[in-house]
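Here the structure is laid out as structure tokens; the discussion comes afterwards.
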Amino acid sequence: MGRGVKAAVIGGVCAVMLGGAGYGAYNVVSALDGSGPAGAGGKSGPPDADEVKETAEDFFTAWEKGDATAAAQLTDNAAVARTLLAGYRDDAHITDVSITPGQTRPDGVSVPFTVKAKVSYDGASKPLSYDSSLTVVRGATTGRALVDWDPAVVHPQLKAGDTLVTGEAASPAVRAVDRDGKTLSVKAYPSLGTVLDQLRAKYGDKAGGTPGVELAIRHTVDGAPDTSLLTVSEGRPGALRTTLSASVQAAAEKAVRRYDKSSVVAVKPSTGEVLAVANNPASGFDAAFQGKVAPGSTMKVITAAMLIDNGVTTMNGPAPCDDEAVWQSQTFHNLTNMKPDPGATLADSFARSCNTAFIKLIDEKPLSDASLTEEAQERFGLGRNNWKTGIVSADGSVPAVAGPDRAANAIGQGQVQMNPLNMASVTATAITGTFRQPYLVSPKLDDRELATAKGLPPGTAAQLKQMMRRTATQGTAAPAMSGLTGDIGAKAGSAEVDGQAVSDSWFTGFRNDVAAAAMTLEGGHGSDAAGPIVVDVLRAGG
């Protein structure tokens, strides 16, 4: 049966339904959307090839005609599908829709397709083209072959709760530029997609531009700014200067592509300016700024500062590295094959990343359950939820806890949560002694107040910097940092996560006036994955 003939049959059924009444009318509706009484269809198992082809063709025909009701009734969630499909025509102003199906995929039920259409608004129009796919399933109660409803069927970037709209843009476009005035585009720097969307939403009306007309995705669930899909008529973009460095950003983009689930941030310690932010995958969740995961032994930068600031030990003071340490009935170990060193100093144990050395020292007076939290908040500016970077960011969490998690927190496990932005800032504070809240856009643009903290005593900062220098040349960070010139320092780490066979890789380091931190989920030891990412960024920025 052809696409047009089948659509006519569906339309006739709808007419009968509207003319009927009572239970009989309900049966027709429910039969069409798969919600009818059990046994109505009689078939079971996956749809066969003919059913898949016919269902997809019928759905495409109804969609092309703008018949949201008919198209929705060919899905397994008619009520939700109808709303989005009607909005496709009425709110997004998409017309002249032509859909070309591709070859059914090897699973036998997934059909890729290409949509070509036109978006028209207020006398202006632009062509629209994109690819998507659908899956045909068996209705659970009717036995009918139906499109498995997902908003991504209508457009691959749509998620639950999203809508498509065309109209005057919510904010003027911005032409974001780096610190030297070079234009920053998503095409050149894919990781900046979510960053530039947020900057536009927040600063578009402050950058001097005028809004145009756009087709956009409106995110009504998470409150995120609109995602622009197509510019129907141009506005006048305003120029927005950021702190980013195009050269460092390019290096960061390339570096994270080495490993899946990787993120990196670079900052300028002398100012707090963010020089680069990159994620792989480039689109979606901004793990570099918003991630909340255990940072492993990179946390020992803060723990070492706590020990020094509270007079427990010094860089050259004792920090014995034993095979194991027991804290309130929980036994902690070091990395496999690490030889014990009962005469180790703090600098020795920091460079080797000896877990037991740090755990054995955290019950020394005057330390308490809150000491690490206080160090993180008061010295490093973490965990107060008050960073104002210019976009959404998380500023870390180091909760005060008793029991085994107090020991685990000291080595970057337990309940500690960080992201690369946080750890890049930690390194910047450690080597300068001054906490400067990281930011992407000058606070002068919107008079926002940046977070403050008292930073570190000069003696503590000097010792931390020296320990990081040693770790970069003789310790666990040396394999990654090898060949990097200038004033360098680093701390490598790995974080064990329940359910993962491979630990998360973490690394933070500095070179001259650039500090960077990276994480690679399930990347192994710090120098295995995150380390090379940081080194590439430091090489570009130093």
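To keep it simple, each residue is scored yes or no on (1) farther than 21 Å from E375 by Cβ; (2) surrounded by 20 or more Cβ atoms within 10 Å (Cβ to Cβ); (3) at pLDDT 95 or above.
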| residue | (1), (2), (3) |
| --- | --- |
| T460 | no, yes, yes |
| A478 | yes, no, yes |
| K491 | no, yes, yes |
| E496 | yes, no, no |
| G499 | yes, no, no |
| F510 | no, yes, yes |
| G531 | yes, yes, yes |
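Check the range 390-397 and report whether any residue there is among the hydroxyl-bearing types (S, T, Y), crowded, with 24+ Cβ neighbours inside 10 Å and touching a strand residue (DSSP E or B) at 6+ places or on another chain (Cβ under 7 Å).
The answer is no; no qualifying residue exists.
Restrict the check to the range 348-356 and report whether at least one residue is surrounded by 16 or more Cβ atoms within 10 Å (Cβ to Cβ) and over 34 Å from the mean Cα position of the chain (by Cα). Outline the logic, then answer.
First pass over the range 348-356, keeping only residues surrounded by 16 or more Cβ atoms within 10 Å (Cβ to Cβ): 348-356.
Then drop every residue that is not over 34 Å from the mean Cα position of the chain (by Cα), which leaves 348.
Yes, because at least one residue in the range 348-356 is surrounded by 16 or more Cβ atoms within 10 Å (Cβ to Cβ) and over 34 Å from the mean Cα position of the chain (by Cα).
Got at least one residue in the range 413-422 being of a type in the set (V, I, T) and buried (at least 24 other Cβ atoms within 10 Å of the Cβ)?
Narrowing the range 413-422 to residues of a type in the set (V, I, T): 416.
Among the residues that remain, those that are also buried (at least 24 other Cβ atoms within 10 Å of the Cβ) are: 416.
There is at least one residue in the range 413-422 that is of a type in the set (V, I, T) and buried (at least 24 other Cβ atoms within 10 Å of the Cβ).
Only one of these conditions is not met by L164: (1) within 25 Å of the chain's Cα centre (by Cα); (2) within 19 Å of A78 (Cβ to Cβ); (3) part of a loop (DSSP other than H, G, I, E, B). Which number is it?
(3)
Give me the pairs, please: first residue somewhere in the range 471-487 and over 19 Å from T298 (Cα atoms), second residue anywhere and surrounded by 14 or more Cβ atoms within 10 Å (Cβ to Cβ) and among the small types (G, A, S), beta-carbon distance under 6 Å, and either six or more positions apart or on two chains.
From the range 471-487, the pairs are G486/G542.
Restricting attention to the range 139-154, which residues are surrounded by fewer than 21 Cβ atoms within 10 Å (Cβ to Cβ) and either at pLDDT 95 or above or in a strand (DSSP E or B) (or both)?
If we filter the range 139-154 for residues that are surrounded by fewer than 21 Cβ atoms within 10 Å (Cβ to Cβ), which is where we start, we get 140-141, 143, 148, 150-152.
Once the filter is applied, which keeps residues that are surrounded by fewer than 21 Cβ atoms within 10 Å (Cβ to Cβ) and either at pLDDT 95 or above or in a strand (DSSP E or B) (or both), the range 139-154 yields D148, D150, P151, A152.
Given the condition without any contact (Cβ under 8 Å) to a residue 60 or more places away in the chain and hydroxyl-bearing (S, T, Y), answer yes or no: does some residue in the range 188-209 qualify?
No, every residue in the range 188-209 fails to be without any contact (Cβ under 8 Å) to a residue 60 or more places away in the chain and hydroxyl-bearing (S, T, Y).
Can you find a residue that is in a helix (DSSP H, G or I), in contact with a strand residue (DSSP E or B) (Cβ under 7 Å, 6 or more places away or on another chain) and in the same structural domain as N279 (by TED's automatic domain parsing) anywhere in the range 407-418?
Yes, the range 407-418 has at least one match.
Return yes or no: is A160 at pLDDT below 95, surrounded by fewer than 16 Cβ atoms within 10 Å (Cβ to Cβ) and assigned by TED's automatic domain parsing to the domain that holds A78? Explain how you work it out, then say what you get.
Numbers: at pLDDT below 95: yes; surrounded by fewer than 16 Cβ atoms within 10 Å (Cβ to Cβ): yes; assigned by TED's automatic domain parsing to the domain that holds A78: yes.
In short, yes.
Are any residues in the range 83-115 in contact with a helix residue (DSSP H, G or I) (Cβ under 8 Å, 6 or more places away or on another chain) and within 17 Å of V136 (Cα to Cα), and if so, which ones?
I99, P101, T104, G108, V109, V111, F113
Can you pull out the residues in the range 169-198 that are crowded, with 20+ Cβ neighbours inside 10 Å, of a type in the set (V, I, T) and under 14 Å from S283 (Cα atoms)?
T194, V195
Evaluate the range 363-371: report whether one residue or more is touching a residue at least 12 places away in the same chain (Cβ under 8 Å) and buried (at least 22 other Cβ atoms within 10 Å of the Cβ).
Checked the range 363-371: no residue is touching a residue at least 12 places away in the same chain (Cβ under 8 Å) and buried (at least 22 other Cβ atoms within 10 Å of the Cβ).
Quick check: anything in the range 259-273 touching a Ser or Thr at 6+ places or on another chain (Cβ under 6 Å) and farther than 30 Å from G509 by Cβ?
No, the conditions are met nowhere in the range 259-273.
For the range 292-306, check the following and say yes or no: at least one residue is in contact with a strand residue (DSSP E or B) (Cβ under 7 Å, 6 or more places away or on another chain), crowded, with 24+ Cβ neighbours inside 10 Å and either closer than 26 Å to G204 by Cα or of a type in the set (F, W, Y) (or both).
No, because not a single residue in the range 292-306 is in contact with a strand residue (DSSP E or B) (Cβ under 7 Å, 6 or more places away or on another chain), crowded, with 24+ Cβ neighbours inside 10 Å and either closer than 26 Å to G204 by Cα or of a type in the set (F, W, Y) (or both).
Only one residue in D58, D76, D96, D67 is more than 32 Å from the chain's Cα centre (by Cα), in the same structural domain as L128 (by TED's automatic domain parsing) and within 13 Å of L134 (Cα to Cα), so which one is that? Outline the logic, then answer.
Values: D76 fails: more than 32 Å from the chain's Cα centre (by Cα); D96 fails: within 13 Å of L134 (Cα to Cα); D67 fails: within 13 Å of L134 (Cα to Cα).
Unique residue meeting the criteria: D58.
Taking the options L464, L450, L521, L484, name whichever one is surrounded by 24 or more Cβ atoms within 10 Å (Cβ to Cβ), in the same structural domain as N316 (by TED's automatic domain parsing) and on the phi < 0 side of the Ramachandran plot. Spell out the reasoning first.
Values: L450 fails: surrounded by 24 or more Cβ atoms within 10 Å (Cβ to Cβ); L521 fails: surrounded by 24 or more Cβ atoms within 10 Å (Cβ to Cβ); L484 fails: surrounded by 24 or more Cβ atoms within 10 Å (Cβ to Cβ).
None of the others qualify; the one that does is L464.
For the range 519-542, name all the residues that are among the charged types (D, E, K, R) and more than 18 Å from V293 (Cα to Cα). Please lay out each step first, then the result.
The initial filter retains those residues of the range 519-542 that are among the charged types (D, E, K, R), namely 522, 528, 536, 539.
D528, D536, R539, listed by residue number.
Just to be sure I understand, how many residues within the range 247-263 are assigned to a helix (DSSP H, G or I) and either surrounded by 24 or more Cβ atoms within 10 Å (Cβ to Cβ) or in contact with a Gly (Cβ under 8 Å, 6 or more places away or on another chain) (or both)? Before you say what the answer is, go through the steps one by one.
Narrowing the range 247-263 to residues assigned to a helix (DSSP H, G or I): 247-256.
Imposing the further condition that a residue be either surrounded by 24 or more Cβ atoms within 10 Å (Cβ to Cβ) or in contact with a Gly (Cβ under 8 Å, 6 or more places away or on another chain) (or both) reduces the set to 247-249, 251-252, 255-256.
Within the range 247-263, residues that are assigned to a helix (DSSP H, G or I) and either surrounded by 24 or more Cβ atoms within 10 Å (Cβ to Cβ) or in contact with a Gly (Cβ under 8 Å, 6 or more places away or on another chain) (or both) number 7.
For the condition modelled with pLDDT of 85 or more and either surrounded by fewer than 18 Cβ atoms within 10 Å (Cβ to Cβ) or not assigned by TED's automatic domain parsing to the domain that holds G161 (or both), what is the one hit in G208, G223, G238, G272?
Answer to the selection: G272.
The values are calculated or read from the model by the stated rules, or taken from the named source; none is laboratory data. Model, not experiment: these values are computed from the prediction. Cβ coordinates were reconstructed from backbone atoms using ideal geometry, including for glycine residues, and neighbour counts include every protein chain displayed.
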